[in-house]
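The values are calculated or read from the model by the stated rules, or taken from the named source; none is laboratory data. Computed from a prediction, not measured in an experiment: that's the story for all the values here. Backbone-built Cβ (ideal geometry, glycine too); neighbour counts: all protein chains shown. Side chains included, ligands, DNA and RNA excluded: accessible areas come from the protein's heavy atoms. Shrake-Rupley method; radii C 1.70, N 1.55, O 1.52, S 1.80 Å.
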Amino acid sequence: MAAKLKTGDKVVVLAGKDKGKEGTITSVDPSVGKAVVEGINMAIRHTRQSQNDQGGRLPKAMPIQLSNLALLDANGKPTRVGFRMEGDKKVRFAKTTGDVIDA
């Protein structure tokens with residue numbers, strides 16, 4: 001299946017404790033169906049001090065289900081993503097406006 005959400009996309013959270021928050025996708029794992037969004041679904045990780053690291057309680061962004069994310073269109077509204085052929089190239093487009101996402 002083609003990736004509707006990719007690294008670098010600006011998204012909004014639709015459900016969960018961070019509902020309504022916006023962020024940028026830093027990584028996607030399509031096999032599990034999860035993505036890590038910058039500043040969303042934060043958890044505290046306790047790390048031991050080492051020779052190179054200070055250690056302590058460090059915040060870390062945890063993965064969130066792709067179904068709980070929606071892409072933001074040019075107007076800043078959440079939209080679904082569709083695919084269409086333009087010439088001989090398959091492109092993603094926003095369902096709300098019809099604009100092409102990746103040129």
* To do: Take the range 13-32 and flag every residue that is hydroxyl-bearing (S, T, Y) and assigned to a loop (DSSP other than H, G, I, E, B).
  => S31
* Asked: Quick one: in the range 26-77, which of the residues that are charged (D, E, K, R) and crowded, with 16+ Cβ neighbours inside 10 Å is farthest from the chain's Cα centre (by Cα)?
  -> D73
* Asked: Among the candidates F93, F83, which residue alone is open to solvent by 60 Å² or more (accessible area, probe 1.4 Å) and of a type in the set (A, V, I, L, M, F, W, C)?
  -> F83
* Asked: Which fully enclosed strands (runs of 3 or more DSSP E) of the range 37-103 have 1 or more residues being within 14 Å of D9 (Cα to Cα)?
  -> 69-72, 81-86, 89-94
* Asked: From the residues in the range 1-18 that are within 11 Å of I64 (Cβ to Cβ) and over 9 Å from the mean Cα position of the chain (by Cα), which one is least open to solvent (accessible area, probe 1.4 Å)?
  -> D18
* Close pairs from the range 70-98: first farther than 15 Å from A3 by Cβ, partner open to solvent by 60 Å² or more (accessible area, probe 1.4 Å) and among the acidic types (D, E), Cβ under 6 Å, at least 6 apart -> A74/D99
* For the range 11-36, which residues satisfy the criterion of being under 15 Å from A61 (Cβ atoms) and not β-branched (V, I, T)? -> G16, K17, D18, K21, E22, G23, S27, D29, K34, A35
